[in-house]
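Okay, so here's the structure we're looking at.
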Amino acid sequence: MRLERTRRPRHAPGEPWGPRRGACVFGILPAMQRARSSTRKIIRLIHWKAEEAVPRIATLRAAGYTVQYDPLTPDITRRMRAAPPAAVVIDLGRLPSHGREVALHFRLTKATRDIPLVFVGGDPDKVTALRAKLPDAVYTTWARIRPTLARAIVRPPKVTTIPNSALAGYSGTPLPKKLGVKPDSVVLLVGAPAGFEATLGALPAGAKVTRRARAADVTLWFATSRRALERDVKKWTLHAAQGGLWIVWPKKTSGM
């Protein structure tokens, strides 16, 4: 291969420094455009039942999106803060309270606050209550997901509401109700401190608490360290696939 030195164009007096109109410096602009276009295609799907999520993932992929559906481990949430997806799609057909809490977490975190939140389906009354908390999110159905999601990405709604906390509006509500414990429910405690049953207080009629690993309607997993959280989050997410999973961790002052 033969390399030849080319003469640099002379800078004319009065002409501003920098690339001329339409010029591209070392391919930087195309690379930036490709990166931006790639980011627009990544969608995070929140769905609490893997079998039902499969056709939803297929729908989003058919629309040209790359779908992220892995469990929200601490490592995944750190990656989301560093490289946010184009939008977060939350299916309200299953465990809508869990979807709401995830959405509030994203809204409360500065790095993910401006990600468009797109809620799909759900009970009309629960959707109405959610709209009151997050009026600047997008609400749609799976039949309308393609055009709605495309608009949310191209013209993201302006964030106007930032809740004080993920439990805003729950003061005074009994703990079992906050956790979604219903009559005849089975509540599984994993790694809970001694005497936590008393902390739960009075349960709805027929509901019971167990510490033996079994199918449960509500699972409370006490993760005592970051290592344990990252190691076992997938295990307990799959275990609680038919019910609800709450992850309880120490306060920041504990040094976890």
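Amide hydrogen proximity for Ile90: with H placed 1.01 Å from N in the peptide plane, the residues at 5 or more positions away or on another chain lying under 5 Å are Ile46, Val118, Phe119, Val120. By other beta-carbon atoms within 10 Å, ranking Asp91, Asp114 with the fewest at the front produces Asp114, Asp91. Counting only Cβ charges, +1 for Lys and Arg and -1 for Asp and Glu, the dipole size of region 175-254 around its Cα centre is about 260 debye. Between Arg227 and Thr141, the simple label model (points 7 Å from Cα in the Cβ direction) yields a spacing of 5.1 nm.
With R₀ fixed at 22 Å, the C-beta to C-beta distance from Ala215 to Ser97 puts the FRET efficiency at about 0.65. Taking the charge dipole of region 30-154 about its Cα centre, with +1 at Lys and Arg Cβ atoms and -1 at Asp and Glu Cβ atoms, the residue from Val118, Gly99, Ile153 reaching farthest to the positive side is Ile153. Rounded to the nearest Hz, the phi-derived 3J(HN,Hα) couplings of region 110-118 under the Karplus curve 6.51 cos²θ - 1.76 cosθ + 1.60 (θ = phi - 60°) are 4, 5, 10, 4, 8, 5, x, 9, 10, where x marks glycine and proline. Given the pairs Lys41/Lys182; Lys178/Lys208; Lys158/Lys235, which span a C-alpha to C-alpha distance of over 28 angstrom in this model? Too far apart for the 28 Å limit: Lys41/Lys182; Lys158/Lys235.
Read the figures in this text as sums done on the coordinates, not as results from a lab. Note that the coordinates shown come from a computational prediction; the quantities given were computed from them, not determined experimentally. Cβ coordinates were reconstructed from backbone atoms using ideal geometry, including for glycine residues, and neighbour counts include every protein chain displayed.
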